[in-house]
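Below you'll find the structure I mean.
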Amino acid sequence: MNTTPEAIAVKPSQLTADQLAEEQAREVTVGEISSPNPRMVCRDVNVWYDDKHAIKDVSLDIGKNEVMAMIGPSGCGKSTFLRCLNRMNDTIPAARVTGSIKLDGQEIQDRTIDVVPLRAQVGMVFQKPNPFPKSIYENIAYGPRIHGLTNNRSELDELVETSLKRAGLWEEVKDRLDAPGTSLSGGQQQRLCIARTISVSPEVILMDEPCSALDPIATAIIEELIDELRQQYTIAIVTHSMQQAARVSQRTAYFHLGDLIEVGTTDDIFNQPQHKLTEDYITGRFG
C-alpha cells in the first residue's frame, strides 16, 4: 500500500497533521489481493465524500466464476467500494473516486466510458427489491429492448423465459407474466431483479445485502441461486451475515474503517484469520 510522502502529496485535499498521521498509520492489507484469473482488477482505490475519506487505497482482484464476499462492521466502506465497481458513486455529487478499476483489462474510471453499457456489463442487485412499476414480462424485457439485444418479439420472449429460468422464477410466474412485478412476494421480487440483471448478459453481478429484507426460506433460495449463477458470472456480494458469506463465497474480504484489512479464501478467513481485527470481528468481539 502506497503511503509514501509523494503519494500522500497528491491527495485531492490538503491534509492536516492529524490526517497525515492517519495516512501514515494506515493498515496494510493482509493476504493475497490478486487472483490468477481476474475479471476485475482494482488498485489504490480511494473514495471521498466531501472531506470524509471513506475508502483508503484499496487494491483487490475479483476472479472469474467466483463469489467474492465483502464483510465488516456498518460504515466500514464495503458498500461504497462495491458501488465503485460500476461507477454508481458517480450519482452522488459529493463523491470523488481515484485509483484504477479495470474490467477485463479496460479502465472503467476513464471519463470517456459510457456508464449505461458499463452498468449492463456490471449489474447491481440492491438490498431492497426494486422491481419496475411494470409487468413481470416488461421488467425483464426492458433492458434487452433498450440495449438492442433482440431482433423480434419471439427472441425477446425467449430471452425473458431464459432469464426467469436462470433466476429460478419461471415456474412460479409463467402463467401470469402480465401481472405487476410488485405483486410478487419479497423473495420473488428479489429473484425478478436478479433475472432483470442477467437479461442484459452481464459479466459481473454486484449484490448489496440482497437477502437482508428476506425471510430464511427466501434467503436460502437466493443463496442457492447465487451458487448456480457463479458458474456463468463473476459475483461480488456485500453481506452483514458472516454465515451467508461462509455459505456462498469462495473468497472473502474484510473491511474496517475504510481499509481492506484482510483478503483470502473464505475457509482461511473464517477458520484461521491472520489479522487481529479480522479475528475480533469473526469471533464477535466487536462489530
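Rounded to whole Å and sorted largest first, what semi-axes of the equivalent ellipsoid does the C-alpha gyration tensor of region 29-82 yield via the square root of 5 times each eigenvalue?
22, 12, 10
Just from its helices, what would the mean residue ellipticity at 222 nm be for the chain, if runs of 4 or more DSSP H residues each count -39500 (n - 2.57) and the sum is divided by every residue, rounded to the nearest 500 deg cm²/dmol?
Here the helix-only value at 222 nm equals -10000 deg cm²/dmol.
Grab the beta carbon distance between I92 and Q274, set R0 = 22 Å, and tell me the FRET efficiency rounded to 0.05.
Computed FRET efficiency for I92 and Q274 comes out at 0.05.
Counting other Cβ atoms within 10 Å, keep those with at most 12, restrict to DSSP loop, and tell me which trypsin sites (Lys or Arg not before Pro) in region 55-122 are left.
R111
Between helix 136-146 and the chain, what is the angle of the helix's C-alpha long axis to the longest principal axis, kept within 0 to 90° and rounded to the nearest 10?
70
With θ taken as phi - 60° and the coefficients 6.51, -1.76 and 1.60, list the Karplus ³J(HN,Hα) couplings across region 104-120 in order, rounded to whole Hz; mark glycine and proline as x.
With coefficients 6.51, -1.76 and 1.60, one gets 6, x, 9, 6, 7, 6, 4, 5, 7, 6, 7, 6, 5, x, 4, 6, 7 Hz.
Here are some values of Rg and Dmax of the Cα atoms in Å: [x] 22.5, 72; [y] 19.7, 65; [z] 18.4, 58. Which one was computed from this structure?
Read-out from the structure maps to [y].
Considering only DSSP beta bridges where both residues belong to region 193-283, give the percentage that are antiparallel (nearest 5).
That works out to approximately 55 percent antiparallel.
Return one number: the angle in degrees, 0 to 90 and rounded to the nearest 10, between the long axis of the Cα atoms of helix 186-198 and the longest principal axis of the Cα atoms of the chain.
Its long axis makes an angle of about 80 degrees.
Okay, moving on. Taking the alpha-carbon centroid of each part, what is the distance from region 214-266 to region 123-147 in angstrom?
Centre-to-centre distance over Cα atoms comes out at 23 Å.
Within region 219-287, which trypsin sites (Lys or Arg not before Pro) sit in a loop by DSSP and count at most 16 neighbouring Cβ atoms inside 10 Å?
Qualifying residues, ordered by number: R285.
Taking amide hydrogens as modeled 1.01 Å from N in the peptide plane, which residues meet the under 5 Å criterion relative to A54, leaving out close sequence neighbours?
Long-range HN contacts for A54: V47, W48, Y49.
Indicate, rounded to the nearest 5 percent, the antiparallel portion of the DSSP beta bridges found entirely in the chain.
55
Could you give each residue of region 241-254 its phi-based ³J(HN,Hα) in whole Hz, using Karplus coefficients 6.51, -1.76, 1.60 with θ = phi - 60°, and x for Gly or Pro?
Along region 241-254, the couplings run 8, 5, 5, 5, 4, 5, 6, 9, 9, 9, 10, 9, 10, 9 Hz.
R0 = 35 Å: FRET efficiency of D157 with Q109, Cβ-based, nearest 0.05?
So the FRET efficiency works out to roughly 0.40.
Right, something else. Within the set K64/K276; K56/K102; K78/K134; K64/K174; K78/K128; K102/K134, which residue pairs have Cα atoms separated by over 27 Å?
K64/K276; K78/K134; K64/K174; K102/K134
Give the long-range amide H neighbours of K134: residues separated by 5 or more places, or on another chain, with amide H under 5 Å away, using H modelled in the peptide plane at 1.01 Å from N.
It is G181, T182, by chain and number.
Using the Karplus curve 6.51 cos²θ - 1.76 cosθ + 1.60 with θ = phi - 60°, work out ³J(HN,Hα) for each residue of region 71-80 in order, rounded to whole Hz, and write x for Gly and Pro.
Calculated HN-Hα couplings, in order: 10, x, x, 4, x, 7, x, 5, 6, 4 Hz.
List the residues, sorted by chain then number, that are 5 or more residues from S59 or on another chain and whose placed amide H is less than 5 Å from its amide H.
D44, V45
Bear in mind these aren't lab numbers, they're just calculated from the coordinates by the rules spelled out. Bear in mind that the values here come from a model prediction, so they are computed numbers and not experimental data. Don't worry about glycine lacking a Cβ; one is built from the backbone with ideal geometry, like all the others, and counts go over all protein chains shown.
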